[in-house]
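Asker: Got a structure for you, questions after.
The values are calculated or read from the model by the stated rules, or taken from the named source; none is laboratory data. All figures in this text were calculated on a predicted structure; none of them were measured in a lab. Neighbour counts run over all protein chains shown; Cβ positions are idealised from the backbone, glycine included.
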């Protein structure tokens, strides 16, 4: 990793610049130098960056990290056939999640930030929501438009000047850990949410027992993640940006068995090859299986001023 491509940042919660190193950088292990490959939705390059923990508020984050302008460039380019191949499993997962969300949210306008191919919006639209989506990857947005008929806007939330108090719900599915400034993103979500509107955040919990057990081999320690939240730090950030947390729970997802085994290659080539051979013989490649590796769902409500 070239030094000129890196930037140092302070803690995104408290602003302190006093940290201890959790994981040393391993830039010599870099596999994806092309940014459009590194930052695609199905990107699985294992962690090569230095991970630190703020001594003041305990937020865990990457420091130094790839410059923000390069990150946005990387996300906007390239295609990702592997990711959209799993649309069916994501639809199944989102249908279940939406049942919970509907208990807390008043059905109306919903914005999905980093919507990828739009599977969540598709399910929400079927449930009667008026759907809006933003996705930096142009190819992914076009796929969603063709596959679901949903108009997905390109770019980030800051590229679109939505009115104040406009949406009934805003969702960030596996997004907040990717953005350069989570606090700024949550503040903008708060501005465009109606009073009492609902925020949905899904993130991989580095405080989970599985993350602690697997340590550096935890599957969510990836080069595309800049922040690693725990229930304590995500709650602190959500509270300080104007929300009250109403629900935190483990988030189980469904994906095809063949796809999960393909993603396993980066962690265990033996299990990958054995598993791939098994599903080929048994013809179970497309079997939708639930899995949990630390994913956590947070539902919060915009606080009254």
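Asker: Please verify whether the range 259-268 includes one or more residues that are at pLDDT 70 or above and not in a helix (DSSP H, G or I). Lay out the reasoning, then the answer.
Answerer: Narrowing the range 259-268 to residues at pLDDT 70 or above: none.
No: zero hits.
Asker: For the range 186-198, state whether one or more residues are under 23 Å from residue 65 (Cα atoms), buried (at least 22 other Cβ atoms within 10 Å of the Cβ) and touching a residue at least 40 places away in the same chain (Cβ under 8 Å).
Answerer: Yes - at least one qualifying residue is present in the range 186-198.
Asker: Take the conditions at pLDDT 85 or above, in a loop (DSSP other than H, G, I, E, B) and on the phi < 0 side of the Ramachandran plot and apply them to residue 56. Does it pass? Don't jump to the end; show me each part of the working.
Answerer: On the way: at pLDDT 85 or above: yes; in a loop (DSSP other than H, G, I, E, B): yes; on the phi < 0 side of the Ramachandran plot: yes.
Against the criterion (at pLDDT 85 or above, in a loop (DSSP other than H, G, I, E, B) and on the phi < 0 side of the Ramachandran plot), residue 56 qualifies.
Asker: Could we say that residue 99 is free of Cβ contacts under 8 Å to residues at least 12 places away in the same chain, out of contact with any strand residue (DSSP E or B) (no Cβ under 6 Å at 6 or more places or on another chain) and under 21 Å from residue 252 (Cβ atoms) here?
Answerer: Numbers: free of Cβ contacts under 8 Å to residues at least 12 places away in the same chain: yes; out of contact with any strand residue (DSSP E or B) (no Cβ under 6 Å at 6 or more places or on another chain): yes; under 21 Å from residue 252 (Cβ atoms): yes.
Yes, satisfied.
Asker: For the subset of the range 280-305 comprising residues that are at pLDDT below 70 and more than 28 Å from the chain's Cα centre (by Cα), which member is nearest to residue 94 (Cα to Cα)?
Answerer: Looking at the filtered set, the residue picked out is 283.
Asker: Of the residues 37, 29, 18, which is surrounded by fewer than 18 Cβ atoms within 10 Å (Cβ to Cβ) and modelled with pLDDT of 85 or more?
Answerer: Details: 37 fails: modelled with pLDDT of 85 or more; 29 fails: modelled with pLDDT of 85 or more.
Only one candidate passes the filter, namely 18.
Asker: Does residue 206 satisfy the criteria of being surrounded by 22 or more Cβ atoms within 10 Å (Cβ to Cβ), over 17 Å from the mean Cα position of the chain (by Cα) and touching a residue at least 24 places away in the same chain (Cβ under 8 Å)? Outline the logic, then answer.
Answerer: Values: surrounded by 22 or more Cβ atoms within 10 Å (Cβ to Cβ): yes; over 17 Å from the mean Cα position of the chain (by Cα): no; touching a residue at least 24 places away in the same chain (Cβ under 8 Å): yes.
Here the answer is no, as residue 206 does not meet what is asked.
Asker: Residues of the range 146-159 being loosely packed, with under 15 Cβ neighbours inside 10 Å and free of Cβ contacts under 8 Å to residues at least 40 places away in the same chain, which ones?
Answerer: First, pick out the residues of the range 146-159 that are loosely packed, with under 15 Cβ neighbours inside 10 Å: 146-147, 149, 151, 158-159.
Matches in the range 146-159: 146, 149, 151, 158, 159.
Asker: Looking for whichever is surrounded by fewer than 20 Cβ atoms within 10 Å (Cβ to Cβ) and under 19 Å from the mean Cα position of the chain (by Cα) here; the options are 116, 82, 124, 169. Which one fits?
Answerer: Selected residue: 82, the only one of 116, 82, 124, 169 that is surrounded by fewer than 20 Cβ atoms within 10 Å (Cβ to Cβ) and under 19 Å from the mean Cα position of the chain (by Cα).
Asker: How about the range 87-187: which helices (runs of 4 or more DSSP H) wholly inside it have at least 1 residues that are modelled with pLDDT of 95 or more and within 27 Å of residue 242 (Cβ to Cβ)? Before the answer, list the steps.
Answerer: Values: elements: 87-104, 119-126, 138-148.
Of the helices (runs of 4 or more DSSP H) lying wholly inside the range 87-187, those with at least 1 residues that are modelled with pLDDT of 95 or more and within 27 Å of residue 242 (Cβ to Cβ) span 87-104, 119-126.
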